[in-house]
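Q: First the structure, then my questions, so here it is.
Nothing in this text is a laboratory measurement; each read-out follows from the coordinates by a stated rule. All of these numbers come straight from a predicted model, not from anything done at the bench. Every residue, glycine among them, receives a Cβ derived from its backbone with ideal geometry; neighbour counts consider all protein chains shown.
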């Protein structure tokens, strides 16, 4: 039977504002980031979406986003959905990031491994395994929310979902993915941008 869940990115942070590489390291939400998370909550409330369980990355920016986006503090922290670890590049300026090898989801491949970070395969594999385990154990009618990060979500939907959508811009802060799971396969049903109050993708 098909199950549906929601996967969203955290709100804008201090490092986002400063143009710094933010993976395993952390920085707090800005006031703008808080307002983005509240806009996501307004979307959930308006759409009648109530979550049975809320999961988030173990990083503070995701935990705070989960609280503002749901009004709850009983979320469950998961290291498996944390952001890509960029190794020695962490906290440096974004312009130091290498160019993507390809736009097909392979991203930086194993570039950051040599600098103490993760490969793209490691990132999407832990995302897939963590989410799959929870979805498999959940009830059919459970409504679940996972709050994660731009890099990790990008690797997940580009490499794990069936026929992933091709987006013309980066995943916005607090973007909400609605994803279905059926017989071991994931598919993106829609992507909502609470900042623009619009869907950037609908299947």
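Q: At 7 Å along the Cα-to-beta-carbon direction for both residue 50 and residue 139, put a label point, then send me their distance in nm to one decimal.
A: Inter-label distance under the simple model: 1.3 nm.
Q: Rounded to the nearest 5, what % of DSSP beta bridges with both residues in the chain are antiparallel? Walk me through the numbers before you get to the answer.
A: Working: 20 of 33 bridges.
Around 60 percent of the beta bridges assigned by DSSP in the chain are antiparallel ones.
Q: If you don't mind, another one. Multiply the residue separation of residue 60 and residue 42 by 0.36 nm, subtract the distance between their alpha-carbon atoms, and state the gained length in nm to one decimal. Walk me through the numbers before you get to the answer.
A: Numbers: separation 18, 0.36 × 18 = 6.48 nm, distance 2.16 nm.
Gain in length upon complete extension: 4.3 nm.
Q: Kindly list the residues of the range 47-78 that lie in the label zone of residue 190, defined by a backbone N under 13 Å from the point 7 Å along the Cα-to-C-beta vector.
A: 47-49
Q: Fewest first, what order do 64, 129 take by the number of other Cβ atoms within 10 Å? Let's see the in-between values first.
A: Details: 64 20, 129 11.
Placing the least packed residue first, the sequence is 129, 64.
Q: To continue, here is another question. Can you give me the distance in nm between label points at residue 132 and residue 203, each placed 7 Å from the Cα along the Cα-to-Cβ direction?
A: In this crude spin-label approximation the distance works out to 1.7 nm.
Q: Which values of log₁₀ I(q)/I(0), to two decimal places, follow from the Debye formula for the chain at q = 0.10, 0.11, 0.14, 0.15 Å⁻¹ with a uniform point scatterer at every Cα?
A: Debye curve over Cα of the chain, log10 I(q)/I(0) at q = 0.10, 0.11, 0.14, 0.15 Å⁻¹: -0.38, -0.46, -0.77, -0.89.
Q: Another question, then. Express in nm, to one decimal, how much length is gained between residue 114 and residue 77 on full extension, taking 0.36 nm for each residue of separation and deducting their alpha carbon distance. Each step should come with its number before you reach the end.
A: On the way: separation 37, 0.36 × 37 = 13.32 nm, distance 2.82 nm.
Result: 10.5 nm gained on full extension.
Q: For a footprinting-style exposure proxy, rank 190, 148, 57 by other Cβ within 10 Å, fewest first. Display every interim value, and only then the final one.
A: Working: 190 15, 148 28, 57 24.
Listing 190, 148, 57 from fewest to most nearby Cβ atoms yields 190, 57, 148.
Q: Roughly what would the spin-label model give for residue 31 and residue 94, points 7 Å off Cα along C-beta, in nm?
A: 2.2
Q: What length, rounded to one decimal in nm, is gained on full extension from residue 1 through to residue 24, with 0.36 nm per residue of separation minus their alpha-carbon distance? The partial results should precede the final answer.
A: Values: separation 23, 0.36 × 23 = 8.28 nm, distance 3.54 nm.
Residue separation times 0.36 nm, minus the Cα-Cα distance, leaves 4.7 nm.
Q: Something else now. Pairs of Cα atoms under 8 Å, at least six residues apart: use those to get the relative contact order of the range 3-202, whole percent. Spell out each step's value before the answer.
A: Details: 410 pairs, mean separation 58.2, N = 200.
Normalised by residue count, the contact order of the range 3-202 is 29 percent.
Q: Which ordering of 46, 9, 20 is given by a fewest-first count of other beta-carbon atoms within 10 Å?
A: Details: 46 9, 9 27, 20 18.
Taking fewest neighbouring Cβ atoms as first place, the list is 46, 20, 9.
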